[in-house]
Structure formats: C-alpha cells, structure tokens
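Data block below; observations after.
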Amino acid sequence: MTHAVFIDDDSTSLMIFDNLCQEIGIRSTILDNSKNIIDIVNSITDVDVVFIDLEMAPLNGYDILAGIRVTHQDIPIIACSVYYDEVERAQAQGFNGFIRKPIDLDKFGDQIQQIIAGEHIWQTGGE
C-alpha cells in the first residue's frame, strides 16, 4: 500500500489530506511542524511520497526538504502552497513537484498516482 507523509502546520489541511488518502486507499502519516520534524520523517522507512507546506514555522518547507533529503534522496517530495509564485523556487530547491492549495479534491487521487509513477506535477495556477 502506498504511504504518503503530509507535513503542514494547518490542522484543516492535514485533515483534508488524511481524508483524501483514506478515500483513495493510501496510508498516510500526518505531521504538524515542530523543531524535530526532520528526525521524525527520517525515522520513517517506508515512505513513498512526502507533501510539505512551504509556509511554516519554526522550519519552513525548504528547510524541511533539505533535512529530509539527507535520508530520503530518492522519494518524491512535493511542495504545497497557496503561493503560485513559489513554483520556480521550489523546483530550483529540489522539490519533485508543486501542488497548489487548496487541494483540488477531484484531481488529488490522480495526482498522487502520477507522482508515485514518477511523473512530475507542477501546478502554476488554475490548471
């Protein structure tokens, strides 16, 4: 079973991700941001994909990405943000994709399957 990790400091977003995963049969680990979030994610060995909100504190999504890449070099890590102008920076920093928030409930199942299949998703606006 596919295992997705979601990192966000917004409880509503995490609840939506978790519910979507349940609906499409994907196991999920939901994590809010904390100062030891990198250690927590790096201790998970069976991750297929990680979704990270870019705007968090004390660590932002870029900081978390850099820390996770130490252990998880080969798994897709997807940026999630309401700020479409972050797409180019996310790509340059090493994210494997970008999904805009709010998550499109009708597209998310297909998007996660595309990501697991090795495709890149780079949403830049209303598509």
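At a glance:
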read-out	value
Residue check, G61 crowded, with 17+ Cβ neighbours inside 10 Å and over 12 Å from V5 (Cα atoms)	yes
All positions within segment 67-85 that are touching a helix residue (DSSP H, G or I) at 6+ places or on another chain (Cβ under 9 Å), over 18 Å from D9 (Cα atoms) and at pLDDT below 95	V70, T71, H72, I75
Only listed residue being of a type in the set (S, T, N, Q) and within 17 Å of N96 (Cβ to Cβ), chosen from T2, T12, T29, T45	T2
Identity of the residue in segment 68-88, surrounded by 13 or more Cβ atoms within 10 Å (Cβ to Cβ) and among the β-branched types (V, I, T), that ends up farthest from the chain's Cα centre (by Cα)	T71
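The values are calculated or read from the model by the stated rules, or taken from the named source; none is laboratory data. These numbers come from a predicted model, not from an experiment. Cβ atoms come from the backbone with ideal geometry, glycine included; neighbour counts cover every protein chain shown.
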